[in-house]
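The values are calculated or read from the model by the stated rules, or taken from the named source; none is laboratory data. From a predicted model like this one, the values you see are computed outputs, not experimental measurements. Counting neighbours? That spans all protein chains shown, and the Cβs are built from the backbone with ideal geometry, glycine included. The area values use the complete protein model at the heavy-atom level, side chains included, leaving out ligands, DNA and RNA. Shrake-Rupley method; radii C 1.70, N 1.55, O 1.52, S 1.80 Å.
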Amino acid sequence: MTSRNDLLFERARQHIPAGVNSPVRAFRAVGGTPPFFERASGPHLWDADGKRYIDYVGSWGPMVLGHTHPQVVEAVQGAAARALSFGAPTEGEIELAEAICRLVPSVEMVRLVSSGTEATMSAIRLARGHTGRSLIVKFEGCYHGHADSLLVKAGSGALTFGNPSSAGVPPETAAHTLVLDFNDTAQVEKVFKDKGKRIACVIVEPVAGNMNLVLPKPGFLESLRENCTRQGAVLLFDEVMTGFRVALGGAQARYGIRPDLTTLGKVIGGGLPVGAFGGRREIMEKIAPLGPVYQAGTLSGNPVAVAAGLATLKLVQEKDFQLKIERTTQSLVDGLNAEARKAKVVFTAQCVGSMFGLYFRAAPPASFAEVMQCDKDRFNRFFHLMLERGVYLAPSAYEAGFVSAAHGAKEIEATLAAASEAFRSLAASG
Ligand SMILES: *Cc1c(COP(=O)(O)O)cnc(C)c1O
């Protein structure tokens, strides 16, 4: 019997490049046919063949509550019935801005956009407009969306294809972007010593989640803060993934660093398209129409998307929400490490907040180069063994995983039972 997934994939490829609207979804890295999903509930997804999966992708981060949370669905339905879009101000936008500024204290003013890419692109323009400088510093393996100036040795999708930058980005644009090694404080010091007064901003994922999961070494984020302050550059934390995940106040709360600008996305839309950039009032007041830096959006602050975001943020603030989801994530990671040990497979897993990383390597990586040393073939086999057993992991060795508040002991147990078989199978086949 031909599967519906196969038929849909075949049909999709006729009119959509590779059959997908975002590259990693095509399963090129791991091979095979991607499931086409039809519905989701809590920690589960169902594909077009009616197969159920435990979901550790969470739409790449947004679904921190799990899928189709009744309060979010109700908020969306209510908002949709009132209006789909005005292109004019609404009270919901104020509420979302107030919630963001309260939860992320470095954000004194914020503007809403419709994606993480839009947020980082706008924040970079703002940093350049504010400083009157052109250079930006980013780190290899960090992904900040697909704006031209940031697709310079970018991670995530581009990385998966072994194609570190993109065709179509003018060399003149890329020439303004300096790419350093994540966690390499000496390189940061050097680039600031040589070019400090020309640097508009440093953009960083304070916990890198687009080259698997890489934690900042003690002192790394601090050195970014010190150098930016000393040379008048803007420190931009891209918390599109880490916001409301690594801690309620984001990675900046967890590590105690106050950036000048922050970009958000994913969780703040609760599954609908919302992004945001915000930070110091003095910088944010440079945005049009208050200031000279242009930025706009027809659907920015869309009432339906904002309603989903507000409902989500309300729930993530509940007492013990973060604690509970962190404990679940830790139990997953501890269990995976134990199962790999039993099967004698070289593997390690770690987590921060509700994000986790899986590495076919003896120790967690601290840089892009170390991420590249992970055994990718083993990951790909592990991925398919887990998929067959109803566990949906990100279809690439270079993505972080996500746990939701809807994942409980039952799902973790089922996942570990699948992992036990998968690790044994890997050990048996060498
Ligand atoms: C996902 C992501 C983006 C891009 O967000 P989109 O909504 O996909 O455009 C930017 N930065 C980081 C850190 C991300 O994880």
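At q = 0.09, 0.16 Å⁻¹ the log10 of I(q)/I(0) for the stretch 70-316 amounts to -0.37, -1.14, computed by Debye summation with a single uniform scatterer per C-alpha, solvent ignored.
Determine the calculated [θ] at 222 nm for the chain from helices alone, applying -39500 (n - 2.57) to every DSSP H run no shorter than 4 residues and normalising by the residue count; nearest 500 deg cm²/dmol.
Details: 15 runs with 170 residues, N = 430.
So the helix-based figure for the chain works out to -12000 deg cm²/dmol.
Remark: relative contact order (the stretch 301-430) = 27 percent; criterion is Cα-Cα distance under 8 angstrom and separation of 6 or more residues. Computed from backbone phi with θ = phi - 60° and the Karplus coefficients 6.51, -1.76 and 1.60, the 3J(HN,Hα) list for the stretch 108-113 is 8, 9, 9, 10, 8, 10 Hz; x is used for glycine and proline. Taking θ as phi - 60° and the Karplus parameters 6.51, -1.76 and 1.60, the scalar couplings of the stretch 309-321 work out to x, 4, 4, 5, 5, 4, 6, 5, 7, 4, 3, 6, 4 Hz in sequence order, x denoting glycine and proline. Angle of helix 70-82 to the longest C-alpha principal axis of the chain, folded into 0 to 90 degrees and rounded to 10: 50°. Using a Gaussian network model of the chain in which every pair of alpha carbons under 10 angstrom is joined by a spring, one finds that among A418, A167, A296 the greatest mean-square fluctuation is at A167.
Here the contact order of the chain, divided by its residue count and restricted to Cα pairs under 8 Å and six or more residues apart, works out to 22 percent. Computed from phi, the 3J(HN,Hα) profile of the stretch 126-141 under the Karplus parametrisation 6.51, -1.76, 1.60 (θ = phi - 60°) reads 5, 4, 5, x, 5, 8, x, 10, 10, 6, 10, 10, 10, 10, 4, x Hz, with x in place of Gly and Pro.
Taking amide H as placed 1.01 Å from N in the peptide plane, the amide H of F139 sits under 5 Å from that of L180, each at least 5 places away or on another chain.
Loop-located GluC sites (Glu not before Pro) in the stretch 78-157 (DSSP state other than H, G, I, E, B) with a sparse environment of at most 16 neighbouring Cβ atoms within 10 Å: E108. Between the helical axis of 376-388 and the longest alpha-carbon principal axis of the chain there is an angle of about 60 degrees.
Build a GNM of the chain with springs between Cα atoms under 10 Å apart, and of R82, R327, R281 the one that fluctuates most is R82. Across the stretch 70-316, C-alpha contacts under 8 Å between residues 6 or more apart give a mean separation that, scaled by the residue count, equals a relative contact order of 31 percent.
Remark on Q350: its backbone amide H falls under 5 Å from those of G357, a criterion applied only to residues 5 or more positions apart or on other chains, H modelled at 1.01 Å from N. Between the C-alpha center of the stretch 379-414 and that of the stretch 8-25 there is a gap of 23 Å.
When every Cα-Cα distance of the chain is counted in 10 angstrom steps from zero, the calculated P(r) takes the values 5, 22, 32, 27, 12, 2, 0 percent.
In square angstrom, what is the accessible area per residue of the chain with a 1.4 angstrom probe? Mind showing how you got there, number by number?
On the way: 18070 Å² over 430 residues.
So the chain comes to 42 Å² accessible per residue, rounded to a whole number.
Compute the long axis of helix 185-195 from its Cα atoms, compare it with the longest principal axis of the Cα atoms of the chain, and write down the angle in degrees, 0 to 90, nearest 10. Taking Cα atoms only, the helix is inclined about 30 degrees. Overall, the accessible surface of the chain at a probe of 1.4 angstrom is composed of carbon and sulfur to the extent of 54 percent.
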